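Sharing a structure with you now.
We did not get these values from a lab; they are worked out from the coordinates using the rules stated. Note that the structure is predicted; figures quoted are calculated from it, not measured. FYI the Cβ positions are ideal-geometry reconstructions off the backbone, even for glycines, and counts take in every protein chain you see.
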Amino acid sequence: MAENRTVTDTEGRVWTCIPGKSAQKQGQDIVLTCTTPTIVDPVTITVGWQWERMAAKGLARLIAAAA
């Protein structure tokens, strides 16, 4: 099962991402819910099923763009 992942964006915000329930199914996109202390509402993004192998900078860029 997928684990939480923490990344830092270019603005220095530390994001913690939690995969949705579909994370257990190989080959399906994953919905991540990402939070950081400086933004009140969580950010939700959809990523490929191998998101855990994605470069930290790339994941952080996707999160920041959605924030």
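Only loop residues by DSSP count here, and only those with at most 14 other Cβ atoms within 10 Å; note down the GluC sites (Glu not before Pro) in the chain that meet that. List each step's numbers first, then the result.
Values: sites: GLU3, GLU11, GLU52; in loops: GLU3, GLU11.
Those satisfying the criteria are GLU3, GLU11.
In degrees between 0 and 90, to the nearest 10, how far off the longest principal axis of the chain does helix 56-66 point, with axes built from Cα atoms?
Result, in degrees: 70.
Under the definition of Cα pairs under 8 Å and six or more residues apart, what whole-number percent is the relative contact order of the chain? List each step's numbers first, then the result.
Numbers: 115 pairs, mean separation 19.8, N = 67.
For the chain, the relative contact order is 30 percent.
Could I ask something else about it? Can you give the direction-averaged projected area of the convex hull of the alpha-carbon atoms in the chain, in nm²?
Working: hull surface 15.9 nm².
In nm², the orientation-averaged hull projection of the chain is 4.0.
Placing unit charges on C-beta atoms (Lys and Arg positive, Asp and Glu negative, everything else neutral), compute the dipole magnitude of the chain about its Cα centre in debye, rounded to 20.
Values: 7 positive and 6 negative charges, 30 e Å.
The calculated dipole for the chain is roughly 140 debye.
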